[in-house]
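Bear in mind that the values in this text are calculations on the coordinates, not laboratory data. As the structure is a computational prediction, the values presented were derived from the model and not from experiment. Methodologically, a virtual Cβ is constructed for each residue, glycine included, from the backbone with ideal geometry; neighbour enumeration extends over all protein chains shown.
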Amino acid sequence: MKKFVVITLLAFASSLSAFAHFEKLYPDALQSIADVAVYHGDKNGDFAGDTIYILSDSSQWKIHPGDLGKCSSWRINQPVNIRARTDWCLWCKPKHQFLIYNRALNETARVMLVAHAMNPKKVAKVEAVSTISQQITLSDSTEWVVPRKLSFTTGERIYVGSQGTYGKARDFVLIKGREAEAEWSFARIVNAGYSQINEY
């Protein structure tokens with residue numbers, strides 16, 4: 001039993017270390033809090049008055065009202081990254097599909113993407129790799145392998161989040177669209193130097 005606990009703790013520590021260095025694979029996955037503002041509402045006028053966090057890449061993320069309290073101690077310039085939520089069922093898709101992770105405080109809050117970065121990544125090329133996967137080339141020349149269940153179109157704006165499932169096809173997440181219509185897919189960056197993220 002003791003051996004099992006030790007192994008489990010080592011595996012957990014390893015995964016945290018790997019996650020902590022994901023910006024070495026894709027620096028833009030790590031951002032910081034730049035400002036806090038009030039959301040004017042989506043195209044239907046919903047969510048007006050809610051709080052949004054503006055990140056250093058100028059992307060804007062609306063905080064779920066139920067998580068606003070835990071953000072009271074968050075401060076400008078604290079490092080954050082975006083993850084996809086995986087705690088919901090396929091038939092009850094939430095409007096706040098993502099999490100903003102404050103790495104300084106080890107806290108997360110549910111968020112909705114309401115505005116892409118001022119200079120967003122865009123889909124430059126889409127190629128089929130197999131019957132179940134495709135390769136997406138972004139405007140920054142990075143290449144990503146993603147499942148074919150989500151279609152991508154040349155010119156679409158993409159936000160790249162870091163999911164933190166080391167060494168698997170769920171390392172990162174590619175997000176397209178915004179507000180309640182946002183869609184996302186797990187992704188793996190091609191030809192990445194994974195040995196870099198083993199450094200402490």
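Label separation (T137 vs K43): 3.1 nm, computed from points 7 Å beyond Cα along the C-beta direction. When the trypsin sites (Lys or Arg not before Pro) in region 19-89 are filtered for DSSP coil states and for at most 16 other beta-carbon atoms within 10 Å of their beta-carbon, the remaining sites are K43, R75, R85. Among the listed pairs K93/K121; K24/K176; K122/K149; K62/K95; K24/K125; K62/K149, a Cα-Cα separation exceeding 21 Å is found for K93/K121; K24/K176; K24/K125; K62/K149.
Only Cα sites of region 46-109 enter the Debye sum here, all with the same form factor; the resulting log10 I(q)/I(0) across q = 0.19, 0.24, 0.28 1/Å is -0.77, -1.17, -1.45, listed in q order.
Each of S59, S139 was scored by other Cβ atoms within 10 Å of its Cβ. Arranged with the fewest first, they read S139, S59. Under 5 Å between amide hydrogens, built in the peptide plane, is the criterion, and for K121 it picks out I158 among residues at least 5 positions away or on other chains.
Cβ crowding within 10 Å, taken as a proxy for footprinting-reagent exposure, orders Y26, Y53 from fewest neighbours to most as Y26, Y53. Amide H contacts of Q163: F172, V173, each under 5 Å away and 5 or more positions distant or on a separate chain (H built 1.01 Å from N in the peptide plane; Pro and chain starts excluded). Here the Karplus curve 6.51 cos²θ - 1.76 cosθ + 1.60, taken at θ = phi - 60°, turns the phi angles of region 57-62 into couplings of 8, 6, 5, 10, 10, 7 Hz, with x standing for Gly and Pro.
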